[in-house]
1. Which one is surrounded by the fewest Cβ atoms within 10 Å (Cβ to Cβ) among residues in region 88-114 that are in a loop (DSSP other than H, G, I, E, B) and under 15 Å from the mean Cα position of the chain (by Cα)?
2. For Phe89, work out the one condition from (1) in contact with a helix residue (DSSP H, G or I) (Cβ under 8 Å, 6 or more places away or on another chain); (2) at negative phi it doesn't fulfil.
3. Consider Leu194 against the criteria (1) among the aliphatic types (A, V, I, L, M); (2) surrounded by fewer than 18 Cβ atoms within 10 Å (Cβ to Cβ); (3) in contact with a Phe, Trp or Tyr (Cβ under 7 Å, 6 or more places away or on another chain): it satisfies all of them except one. Which criterion is unmet?
4. Consider Pro186 against the criteria (1) farther than 15 Å from Gln9 by Cβ; (2) in contact (Cβ under 8 Å) with a residue 24 or more places away in the chain: it satisfies all of them except one. Which criterion is unmet?
5. Leu175 versus (1) at negative phi; (2) touching a Lys or Arg at 6+ places or on another chain (Cβ under 7 Å); (3) crowded, with 17+ Cβ neighbours inside 10 Å: which is the lone unmet condition?
6. Taking region 138-172 as the search range and keeping residues that are among the β-branched types (Val, Ile, Thr) and assigned to a strand (DSSP E or B), which one is farthest from Asp105 (Cα to Cα)?
7. Looking at region 4-50, which of its residues are hydrophobic (A, V, I, L, M, F, W, C), farther than 15 Å from Ala191 by Cβ and over 14 Å from the mean Cα position of the chain (by Cα)?
8. Would you pick out the residues in region 40-67 that are of a type in the set (S, T, N, Q) and within 13 Å of Pro15 (Cα to Cα)?
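The values are calculated or read from the model by the stated rules, or taken from the named source; none is laboratory data. Because the structure is predicted, anything quoted here is derived from the model rather than measured. Note: ideal-geometry Cβ built from the backbone for every residue, glycine included; neighbour counts use all protein chains shown.
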Amino acid sequence: MQHATQRIQEIARRPSPAPRIQPIALHDGLLWMGSWETNHLYGVDPQSWTVKEDVAAPGQPYGIAPLGGALHVVVSLGGDEDDRYLFRFVPGRGFDASSQTPCPDMTGSHLASDGKQLFLGQMHNRRIVTLDDQAKIAREIPLPTRCGGFGFGPNGTLYMISADEEFEQLALATLDFDGKMNVLAPLEFGARSLAFDGSAWYTSDREAGYVVSFTI
């Protein structure tokens, strides 16, 4: 891994609304999170840190991203194959069961959106793929390392949590669409998922039970 040249500045470290928070996304003023422990989604007010919505997911939530006025969620429905599906979720209305769509190769975890399309992380395939309207692969971005999450930051730049094979050394990095990575700063906790609110990042310190906001 490249040498990091910057440091992150933690703004807040607050208790997760449920254990083992994995995906995080911002939508309509709420911070949406999915728990691997409860298989629920939580809509949290980032100012008061109160849960405004608590919804059961169809399975274990792995990724979440806003697009087209709704949230799109990567869900594992369990079983020996651990197949992954995309679902459409509208706050206040719930999951649309008819939206269940297999992820390409039945695999995927972290999810992000640039406002036009979805980006799905497939860590075992060492790639991020962009999806068309039918959830088919439109483009592939090679991953130079393992990935603990990714999201779009200032100026539409794609950021990622870079990790070694054991997920022990984590760093915040930028990633070009050709797979070139630029390491920015070390992440000295078990960060998973990235969401940017226009001025600060949110991530989950999953196993410790915190949601962390930070700047670089």
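1. So, considering only residues that are in a loop (DSSP other than H, G, I, E, B) and under 15 Å from the mean Cα position of the chain (by Cα), the one surrounded by the fewest Cβ atoms within 10 Å (Cβ to Cβ) is Asp114.
2. Of the numbered conditions (1) in contact with a helix residue (DSSP H, G or I) (Cβ under 8 Å, 6 or more places away or on another chain); (2) at negative phi, the odd one out for Phe89 is (1).
3. (2) is the only condition that Leu194 fails.
4. With respect to (1) farther than 15 Å from Gln9 by Cβ; (2) in contact (Cβ under 8 Å) with a residue 24 or more places away in the chain, Pro186 is out only on (1).
5. Exception for Leu175: condition (2).
6. Per the criteria, the residue is Ile161.
7. Hits for region 4-50 are Ala18, Leu30, Val44, Trp49.
8. Ser48, Thr50, listed by residue number.
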